[in-house]
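Below you'll find the structure, written out as structure tokens, and then a few comments.
Rule-based calculations on the coordinates, nothing more; no lab input. These figures come from a predicted structure and were not determined experimentally. Positions of Cβ are generated from backbone atoms using ideal geometry, with glycine treated the same way; all protein chains shown enter the neighbour counts.
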Amino acid sequence: MPLRRHGQISTTNLKQRFFLWSTLILIGGGLLLSVLSFWNTRRLLMAEAMAKSEVILQEVEAIRSYVKEELRPKMNELHGPDTFIIEAMSTTYISTTIMERFAQSMPNYIYRRASLNPHNPRNLADSFEEEMFDWFEADSGRSFWQGVVKKNGEAFFVSMVPDYFAAPCLPCHSKVEDAPQSLIDRYGPKGGFRFQAGDLAGIDSVAIPVSASLREAWQGSFVIFIITLGGSFVLLWLLNLLFQHLVIERLGVMLSLVAEKKRETSVPGPGDELDVLHASLGSLHSYVRSARKGAALQPNFIGDYVVRQPIVAGAMSWLYSAYSVRSEDKVALKIGFAEVLQNPLYRSCLDTELQLFETMSHPCLPRVRERLDDVLVLEEVSGRSLSSLLSKGRLADQLLLPIFSQLCDLTASLHAAGIVHHDLRPQILMLDEKGLLRLIDMGLAASDQLPDPIVAAGLGPQGDLVYMAPELIQGKRGDPRSDIYGLGVLLFLAMTGHLPFSEERKSSQNWLQHKEQMIPPKKYRAGLSAGLEQVILKALSFERKKRYQWVEDLWEDLEQAGKQIKEKND
Amino acid sequence: MRLLVFSDIHGNLEALQCMLRDAADRNVHRSICLGDLVGYGPYPNECIELLRGLKNCRCLAGNHDVAVLWETSPYGMSSAANEAILWTMEQLTAENKAYLAALPDRLDVADMTFVHANPYNPRGWRYVLDRKYALRSFAATRCRCLFIGHSHRPLLITRKSLLTIDLQAVSASMRYRVDDTRRRIINCGSVGQPRDNDPRSCYLIFDSRKQEIEFHRVAYDIEKSVKAFHSAGLPPELGARLFKGV
């Protein structure tokens, strides 16, 4: 068989999902990578600037201490104690002048000595430096500060150390009268005086511009992002080729095998290819099981009965058509699944079911002819199941009341006898040519006179979650109102041709949510009468208290609503 | 949903048939018989078979039903009753005995409980006619409506508070609304041998939509029943009491 491209078979849902998520993951990864790289570069830049500024500050400090301790005493010695030559004796003047020369060749290192009350007005502190004065004065233990400062739109990395007055500084900084004449000549008598020993003299700071470097770091990380993005798309494209070749095409072929029949009749359902495949394999599995069972039994006899093909699978057992060798009467045989017969828990469910079939009598329950150990011989069950009837869409209006009158009557009889069915669904309801409805399975039923093995064993919800009442999903069994919910789902299905919830596979918690927010029946059938809609909505109430409490009430309301429609049509 | 509740037929087929005909005209969906299908009367098998064939009907075991199976001793009853039990034991078919043996002592349906005599000791067969036993019955159940029989006297007991009750004798056909949350014990009287000085059969219908209990009395051909007592050779006082309703 030639490979068919997958796209021709159904939507490329799986591929789209895979690539959407991969793209998101890769873009997210690229973003993360570039942010990390920027952060790292910035960290390195800061560390470097810190080291550099510290070197410069230490250098300035060394110059100042040299002037203070070597040069100034030497000059005093040579020229007498009262001389003051600014160019050779002022620490501030010498250090700033040296650093100005230094800055001529290295313009990226800006040295400043700022003071609130300087001799030289050039050294007056700006507003930021004033703040720093306050910060240093607040705690004399503070001897160093580093940080990023924005000035004129540009970022600088700044290191600062405070400088305090000592005794040798005081001749020039305490009283104007004591100050050397050369100092007053140069700067005037206004600034730089009236200090005492221990006062904060000034702040030495070194600023290194970092804006340009940060910009470069940004650019670098952007480049990294772009490269990752490009690389990702190339990678995705390659993966796409690989995925298409290795998975999608083969999956497509598999799908075309299993979905061959379905494609003609039904529209593609929700879920991707794997969901479709899962559903198909599920039905295939049950078919194989039935075929194997059928094949094993086919030439076989059970008692006087020749077993023929299976009719339908119930919760615990198969129903086979068969005929009697003696009288050639057609019959139906109820035979437990092999796994049920092996499991004592399910075995007791099956026993309950067989017992209920034997004790209950109702026109809608096939009569029991005899019981052969585990096998129940029932009268012939002909016709087709409600599910095959409903697979084409909603039920014809003239069939609705006859079918539901039988169904409600049967359910009422079960409830009146203390039996809750728990598993009303269209697959196990057969309608024959005369319009007689038959319930052919009670595998999950519980009677108030018999112990319920499912409750005793604490098993979770059993049966089909679609038709199951919310309290059954929560594991509460034995309430007749659960069957009323099941009838509500059947009613919804029969009147609209759709289920009240989407059939997607989901967890039981999810199912509860869906059951709470069911789709209103008007969505599928706009012309539905208000009376019928009310009946459906009440039967499908999430809370048991709000539901119909008795099947008879449901039937009376349904009959009345149905009659009104008929009268209107007539 | 309309639920028919009746009790204490005691093999009185004529009364049972008239009662069921009357109830059928009143549109009932389900029936519950609170026991004592047999004993006293001349038609035990026929009554059992009639009820077995009745659609959506369940029965409970009464003291006479278990006495004919020797599950309680018939010698504790009055001599006439004892004689009738021994007679019934001979008459019952094996199939009907098996049916009686499978009857439950108590049923719980929605917010209702059904027992033959009382819920706190179902096989003790004590009558619930006064405050003491009514309070015990309330304590032994959690249902809103408790339906009992056994005493052959229709009666409505309403719990007013934790320790006070209201006893209401039911005479003739009456309706009671039960749409509040108060708990009640309802005795449905007897079909086959009423003892409240009214010889007519008594039964009740519970209407779940209207939340209403309807007591009904049905007259039947007592002469015909008494003749059957005589031809069956049962003690004559059992027939005679039917005329008086005691």
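Kindly provide the GluC sites (Glu not before Pro) of region B:1-102 that DSSP labels as loop, not H, G, I, E or B, and whose Cβ sees at most 16 other Cβ atoms within 10 Å. Before the final figure, lay out the partial values.
Values: sites: B:Glu14, B:Glu46, B:Glu49, B:Glu71, B:Glu83, B:Glu90, B:Glu95; in loops: B:Glu71.
Hits after loop and neighbour filter: B:Glu71.
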Practice item. Compute the acute angle (0 to 90°) between the alpha-carbon long axis of helix B:79-91 and the principal axis of greatest extent of the alpha-carbon atoms of chain B; round to the nearest 10°. Key: 70 degrees
Check your understanding: With labels modelled as points extended 7 Å from the Cα through the Cβ direction, what inter-label distance (nm, one decimal) is found for A:Leu246 paired with A:Ala166?
Key -> 7.5 nm
Review point. Using the Cα atoms of the protein assembly as shown to build a convex hull, what is its mean projected area in square nanometres?
Key: 62.7 nm²
**Study point:** Other-chain or far-sequence residues with amide H under 5 Å of A:Asp329's (modelled H)
**Key:** A:Ser324
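Using a Förster distance of 35 Å, how high is the FRET efficiency between A:Ala526 and B:Asn27, based on the Cβ-Cβ distance and rounded to 0.05?
On the way: r = 36 Å, r/R0 = 1.02.
Calculated value: 0.45.
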Revision key, fill the gap. Once both label points are put 7 Å beyond Cα along the C-beta direction, the B:Gln168-B:Leu69 separation in nm becomes 3.6 nm
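Nearest-5 percent of antiparallel DSSP beta bridges in region B:2-244? Walk me through the intermediate numbers first.
On the way: 28 of 42 bridges.
In region B:2-244, approximately 65 percent of DSSP beta bridges are antiparallel ones.
Rounded to a whole number, what is D in µm²/s for chain B from Stokes-Einstein with the Kirkwood radius over alpha-carbon pairs (20 °C, 1.002 mPa s)?
121 µm²/s
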Check your understanding: Taking the highest mean first, how do the peptides A:415-421, B:226-232 order by number of other beta carbon atoms within 10 angstrom per residue?
Key -> A:415-421, B:226-232
Revision key, fill the gap. Taking R0 as 22 Å and r as the Cβ-Cβ distance between A:Glu131 and A:Met106, the FRET efficiency 1/(1 + (r/R0)^6), rounded to the nearest 0.05, comes to 0.20
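Just order A:42-48, B:150-156 by mean Cβ neighbour count inside 10 Å, highest at the front, would you?
B:150-156, A:42-48
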Review point. Taking the Cα centre of region A:295-379 as the origin and placing charges on Cβ (Lys, Arg +1; Asp, Glu -1), which of A:Val340, A:Leu354, A:Trp318 is farthest toward the positive end of the dipole?
Key: A:Trp318
Review point. Can you work out ³J(HN,Hα) from phi for every residue in region A:24-38, in order, using Karplus 6.51 cos²θ - 1.76 cosθ + 1.60 and θ = phi - 60°, giving whole Hz and x for Gly and Pro?
Key: 4, 5, 5, 4, x, x, x, 4, 4, 4, 5, 5, 4, 5, 4
Review point. Once label points are set 7 Å from the Cα along Cα→Cβ at both A:Thr23 and B:Arg175, what is their separation, rounded to one decimal in nm?
Key: 7.1 nm
Check your understanding: Leaving out same-chain residues fewer than 8 places away, which aspartates and glutamates sit with a Cα under 17 Å from that of B:Lys132?
Key -> B:Asp166
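Over its Cα atoms, what ratio of radius of gyration to 2.2 N^0.38 Å does region A:29-216 give? List each step's numbers first, then the result.
Values: Rg = 19.3 Å, N = 188, 2.2 N^0.38 = 16.1 Å.
Computed over Cα atoms of region A:29-216, the ratio equals 1.20.
Could you work out the local net charge near B:Thr88, counting Lys and Arg as +1, Asp and Glu as -1, over the other residues with Cβ closer than 11 Å to its Cβ? Could the numbers behind the result be given before it?
Working: positive: B:Lys97; negative: B:Asp65, B:Glu83, B:Glu90.
It works out to a net charge of -2.
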Practice item. Tell me which residues come under 5 Å, amide H to amide H, from B:Trp125 once H is placed; ignore anything under 5 positions away on its chain. Key: B:Asn118
Check your understanding: How large are Rg and Dmax for region B:1-54 when only the alpha carbon atoms are used, in Å?
Key -> 10.7, 34
**Study point:** region A:295-379 - Debye-derived log10 I(q)/I(0), Cα point model, q = 0.17, 0.21, 0.23, 0.24 Å⁻¹
**Key:** -0.67, -1.01, -1.19, -1.27
Practice item. For A:Asp374, put the label point 7 Å out on the Cα→Cβ axis and report which residues of region A:319-333 keep their amide N under 17 Å from it. Key: A:319-320, A:333
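Kindly put A:Phe102, B:Phe147, A:Phe193 in sequence by how many other C-beta atoms sit within 10 Å of each C-beta, fewest to most. Spell out each step's value before the answer.
Numbers: A:Phe102 15, B:Phe147 27, A:Phe193 18.
By the 10 Å Cβ count, ascending: A:Phe102, A:Phe193, B:Phe147.
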Practice item. For region A:98-115, just list the computed ³J(HN,Hα) in residue order, Karplus coefficients 6.51, -1.76 and 1.60, θ = phi - 60°, integers in Hz, with x standing in for Gly and Pro. Key: 4, 5, 4, 5, 4, 5, 4, 8, 10, x, 7, 10, 9, 9, 9, 10, 10, 9
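Can you tell me the relative contact order of chain A? Whole percent, Cα pairs under 8 Å, sequence separation 6 or more.
On the way: 765 pairs, mean separation 57.6, N = 570.
Relative CO of chain A lands at 10 percent.
Using 0.36 nm per residue of separation minus the Cα-Cα distance, give me the extension gain between A:Gln196 and A:Leu124 in nm, one decimal. Working shown, then result.
Details: separation 72, 0.36 × 72 = 25.92 nm, distance 1.88 nm.
Stretched fully, the A:Gln196-A:Leu124 segment lengthens by 24.0 nm.
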**Study point:** P(r) weight above 16 Å for region A:337-453, C-alpha pairs, percent
**Key:** 62 percent
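Set the Förster radius R0 to 22 Å, insert the Cβ-Cβ distance between A:Ser324 and A:Glu358 as r into 1/(1 + (r/R0)^6), and round the FRET efficiency to 0.05.
After rounding to 0.05, the efficiency reads 0.70.
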Practice item. Amide H neighbours of A:Phe195 under 5 Å, at least 5 residues apart or on other chains, H built in the peptide plane: list them. Key: A:Ser174
Point to revise | Calculated from backbone phi, Karplus (6.51, -1.76, 1.60) coupling profile of region A:514-526 in Hz, x at Gly/Pro | key: 5, 5, 6, 10, 6, 6, x, x, 5, 5, 8, 9, 5
Review point. Nearest 10 degrees, 0 to 90: what angle lies between the long axis of helix A:127-138 and the longest principal axis of chain A (Cα atoms)?
Key: 90 degrees
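At a 10 Å Cβ-Cβ cut-off, how would you order B:Met77, A:Met50, fewest neighbours first? Walk me through the numbers on the way to the answer.
Values: B:Met77 18, A:Met50 15.
Neighbour counts put them in this order, fewest first: A:Met50, B:Met77.
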Revision key, fill the gap. Excluding residues fewer than 8 positions from A:Lys74 in its own chain, the lysines with Cα under 30 Å of it are A:Lys175, A:Lys190
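If Lys and Arg each add +1 and Asp and Glu each add -1, what is the summed charge of the other residues whose beta carbon sits under 9 Å from the beta carbon of B:Ala172? Show your work: numbers first, answer last.
Values: positive: B:Arg200, B:Arg217; negative: B:Asp198.
The answer is +1.
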